[in-house]
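S.K.: Just dropping this structure here.
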Amino acid sequence: MHTIRGRLAVWYAVAIGATILAFAGIIYSVQRSRSFAELDSRIRLQSDLIATILSESYRARDAVVAFDPTTNRMGLVPDVQALLEVVRDYVLVLGEDNEIVFLSADARALPFSDVARLGENVDRSGGGLPGYGLLDLGPPVGELRYFVRPVANAGPSVQAVLSGAPRATGALGAQRLLTAMLLIAPWVVAASTVIGYSLVGRALKSVDTIVDEVEAITDGRSLHKRLAQPTTEDELARLTVTLNAMMGRLERSFRMLRRFTADASHELKTPLTVLRTGVERALTHPAAPEEVLEILEELLVEVSWMSELVDSLLTLARADEGRAPLHLDKVDLRDILSEVSETASILGEEAAVNVEVEVPHAPAVLEVDRSRIRQLLMNLLTNAIKYTPAGGRVSIDSKSMNGAVVINVRDTGIGIAPGELAHIFDRFWRADPARSRIGERAGAGLGLAISKWIAEAHGGAITVQSRQKRGTTHRHPSACAGWDGRRGSGLVIGL
């Protein structure tokens, strides 16, 4: 089970099943003990009743035992025997010298050896004291629970009475009850599981709502949203309050970070501009020594890189705060591609990379920010050229697809590893091992992040497809195209 609802329902069913089994076991044990106690009471009362009948009969006629010519042995007189014939279970009446003078119908059905064993048990009980006993007679009777009662008031011819019944008759009721409970248990468990699943679902409905609302807060720009607080005062209400407080703290932290980045970037622009101007003036000084000029050229490269980084940080900070509005105008995409083509061709010649820009024949008029779209395409093409080996090829084309304009940027570079594709639009992230700005492929890792923001700000998106050593394709369906040329790639942008 992959959900709390499912796991709780399963555990609920297990708990119900275990409870029923434990309850059934306890009820079975109690009922079995009570049944055996009732069996003992029954056979004892039966023995007392037979002893009373014999005593009263002896008082009435002074004899209850007489010689029976049909069996050639001593036995109860016919009228007394007739009274005892109606008694159920196993009954033995013993006379002098432990001689059996009466057997009930059930006792007469027993083998002679079993009857003899019962008689021996009566003899061993001796001492004139009543007592219980248990004797296993084997199938079909099984264990026989009996009670022996000495008889003192029925004359010298009657010594004791044994009354017994199979223990199975006492356990039968408990077994039937246990069987009935076990047959009903699966239905009870099934019904309880369904009811529990429904109740858990209702209880967790608020959790699902909270999860959906939290999932809607996808990034730092949506931290202003808050969860609807339940009217109850249970754990879910506390969770909602805690999450809202956490998002409030995150929102304040993000806001302070963005403000710091924007303020720092803004404050750094002026001194960097002054520094760059000073370095450029120093480079034109006629009296500057050669070794100083080399140092100044390196310094100018670093200052230019820092200026580019500050501009990128300022752009992203303003975008995060929603203070980077787009200036939308109806622009023919062919004009932008033509402008990009000229710059990209120059960059390609310097890197010995063939750049192909396919300008569509039909007009493609879009309502976009012309400078931002140009910035997007130049970011992608610059990366493509930078990370495509000499002799490679970079291409860009556009086409209409499902009411959108799709721009593809492809290259024959070294490609992007599958595990790195998910990170190429992250800020300051670079797939290449030379990730620092002093590596062979210098860069701050912000170009693709800016490209992604430009594409999404125009209602578009950027996707990437790449295989190592086979180039990469980026696709943006809606208005912008992007590409990560570091690994040979293609980008599709749609508007």
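S.K.: Would you confirm whether or not the range 397-409 contains a residue that is small (Gly, Ala, Ser) and modelled with pLDDT of 80 or more? Outline the logic, then answer.
M.R.: From the range 397-409, those small (Gly, Ala, Ser) are 398, 400, 403-404; that's our starting set.
Now restrict to residues that are modelled with pLDDT of 80 or more: 398.
Checking the range 397-409: at least one residue is small (Gly, Ala, Ser) and modelled with pLDDT of 80 or more.
S.K.: Within the set of pairs 6+ apart or on separate chains, which have a first residue in the range 86-103 that is touching a residue at least 40 places away in the same chain (Cβ under 8 Å) and open to solvent by less than 30 Å² (accessible area, probe 1.4 Å), a second that is assigned to a strand (DSSP E or B) and of a type in the set (Ser, Thr, Tyr), and C-beta atoms under 6 Å apart?
M.R.: Val91/Ser163
Conditions tested, residue by residue: (1) under 28 Å from Arg226 (Cα atoms); (2) free of Cβ contacts under 8 Å to residues at least 40 places away in the same chain; (3) among the hydrophobic types (A, V, I, L, M, F, W, C); (4) surrounded by 14 or more Cβ atoms within 10 Å (Cβ to Cβ).
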{"residue": "Glu251", "(1), (2), (3), (4)": "yes, yes, no, yes"}
{"residue": "Phe260", "(1), (2), (3), (4)": "yes, yes, yes, no"}
{"residue": "Leu268", "(1), (2), (3), (4)": "no, no, yes, yes"}
{"residue": "Pro271", "(1), (2), (3), (4)": "no, yes, no, no"}
{"residue": "Thr277", "(1), (2), (3), (4)": "no, yes, no, no"}
{"residue": "Ala282", "(1), (2), (3), (4)": "no, yes, yes, yes"}
{"residue": "Ala287", "(1), (2), (3), (4)": "no, yes, yes, no"}
{"residue": "Val292", "(1), (2), (3), (4)": "no, yes, yes, no"}
{"residue": "Leu296", "(1), (2), (3), (4)": "no, yes, yes, yes"}
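S.K.: Return a yes/no flag: does the range 104-112 have any residue that is under 29 Å from Thr179 (Cβ atoms), open to solvent by 60 Å² or more (accessible area, probe 1.4 Å) and either charged (D, E, K, R) or at pLDDT below 85 (or both).
M.R.: Yes, the range 104-112 contains a residue that is under 29 Å from Thr179 (Cβ atoms), open to solvent by 60 Å² or more (accessible area, probe 1.4 Å) and either charged (D, E, K, R) or at pLDDT below 85 (or both).
S.K.: Sticking with this structure for a sec: Quickly run through the range 1-30 and pick out the residues that are among the polar types (S, T, N, Q) and not in a helix (DSSP H, G or I). Give the steps one after another, and end with the answer.
M.R.: Within the range 1-30, the first condition is being among the polar types (S, T, N, Q), and the residues that meet it are 3, 19, 29.
Of everything in the range 1-30, just one residue is among the polar types (S, T, N, Q) and not in a helix (DSSP H, G or I), namely Thr3.
S.K.: Find the residue count for the range 146-177, including only residues that are open to solvent by 60 Å² or more (accessible area, probe 1.4 Å) and under 60 Å from the mean Cα position of the chain (by Cα). It would help to see each step written out before you state the result.
M.R.: From the range 146-177, those open to solvent by 60 Å² or more (accessible area, probe 1.4 Å) are 149, 152-153, 156, 159, 167-169, 172, 175-177; that's our starting set.
If we keep only those that are under 60 Å from the mean Cα position of the chain (by Cα) too, we end up with 167-169, 172, 175-177.
Total meeting the criteria: 7.
S.K.: Further question on the same structure: Being in a helix (DSSP H, G or I), open to solvent by 40 Å² or more (accessible area, probe 1.4 Å) and either over 25 Å from Trp453 (Cα atoms) or in contact with a Gly (Cβ under 8 Å, 6 or more places away or on another chain) (or both) is the filter here; which residues of the range 213-245 pass it? Give the derivation first.
M.R.: Initially, the range 213-245 is screened for residues in a helix (DSSP H, G or I), giving 213-216, 220-222, 235-245.
Now restrict to residues that are open to solvent by 40 Å² or more (accessible area, probe 1.4 Å): 213-216, 221, 235, 238-239, 241-242, 245.
Of everything in the range 213-245, those that are in a helix (DSSP H, G or I), open to solvent by 40 Å² or more (accessible area, probe 1.4 Å) and either over 25 Å from Trp453 (Cα atoms) or in contact with a Gly (Cβ under 8 Å, 6 or more places away or on another chain) (or both) turn out to be Arg221, Glu235, Arg238, Leu239, Val241, Thr242, Ala245.
S.K.: Moving on. Here is a list: Thr242, Thr261, Thr231. Which entry is more than 27 Å from Glu456 (Cβ to Cβ) and modelled with pLDDT under 75? Step through it out loud before you land on a result.
M.R.: Values: Thr242 fails: modelled with pLDDT under 75; Thr261 fails: more than 27 Å from Glu456 (Cβ to Cβ).
That would be Thr231, the only listed residue that is more than 27 Å from Glu456 (Cβ to Cβ) and modelled with pLDDT under 75.
S.K.: Filter the range 403-418 down to the residues that are small (Gly, Ala, Ser) and either open to solvent by less than 60 Å² (accessible area, probe 1.4 Å) or touching an Asp or Glu at 6+ places or on another chain (Cβ under 6 Å) (or both) and list them by number.
M.R.: Filtering the range 403-418 down to residues small (Gly, Ala, Ser) leaves 403-404, 413, 415, 417.
Of everything in the range 403-418, those that are small (Gly, Ala, Ser) and either open to solvent by less than 60 Å² (accessible area, probe 1.4 Å) or touching an Asp or Glu at 6+ places or on another chain (Cβ under 6 Å) (or both) turn out to be Ala404, Gly413, Gly415, Ala417.
S.K.: Still on this structure, please answer the following. Let me spell it out: the conditions are (1) of a type in the set (A, V, I, L, M, F, W, C); (2) part of a helix (DSSP H, G or I); (3) in contact with a helix residue (DSSP H, G or I) (Cβ under 6 Å, 6 or more places away or on another chain), and Phe260 meets all of them except one. Which number is the exception?
M.R.: For Phe260, the failing item is (3).
S.K.: Another one. So which of Val310, Val303 ends up being in contact (Cβ under 8 Å) with a residue 40 or more places away in the chain, open to solvent by less than 50 Å² (accessible area, probe 1.4 Å) and not hydroxyl-bearing (Ser, Thr, Tyr)?
M.R.: Details: Val303 fails: in contact (Cβ under 8 Å) with a residue 40 or more places away in the chain.
After ruling out the rest, the residue left standing is Val310.
S.K.: Which of the following residues is touching a residue at least 24 places away in the same chain (Cβ under 8 Å) and either over 60 Å from the mean Cα position of the chain (by Cα) or open to solvent by 60 Å² or more (accessible area, probe 1.4 Å) (or both): Pro130, Pro140? Quick ask: steps written out before the conclusion?
M.R.: Numbers: Pro140 fails: touching a residue at least 24 places away in the same chain (Cβ under 8 Å).
After ruling out the rest, the residue left standing is Pro130.
S.K.: Turning to a different aspect of this structure: Please specify each residue of the range 334-370 satisfying the condition of being within 50 Å of the chain's Cα centre (by Cα), at pLDDT 85 or above and not acidic (Asp, Glu).
M.R.: Val368, Arg370, listed by residue number.
S.K.: Identify all residues within the range 62-85 that are part of a strand (DSSP E or B) and buried (at least 19 other Cβ atoms within 10 Å of the Cβ); write none if there are none. Talk me through it step by step, then tell me what you get.
M.R.: Restricting attention to the range 62-85, the residues satisfying the condition of being part of a strand (DSSP E or B) are 65-68, 73-76.
Within the range 62-85, Val65, Gly75, Leu76 qualify.
S.K.: What are the residues in the range 454-471 that are open to solvent by less than 40 Å² (accessible area, probe 1.4 Å) and at pLDDT below 80, if any?
M.R.: Ser466, Gly471, listed by residue number.
The values are calculated or read from the model by the stated rules, or taken from the named source; none is laboratory data. None of the values given here were measured: they were computed from a predicted structure. Every residue, glycine as well, gets a Cβ built from its backbone with ideal geometry; the counts of neighbours run over all protein chains shown. The accessibility values were calculated without ligands, DNA or RNA, using every heavy atom of the protein model including side chains. Shrake-Rupley method; radii C 1.70, N 1.55, O 1.52, S 1.80 Å.
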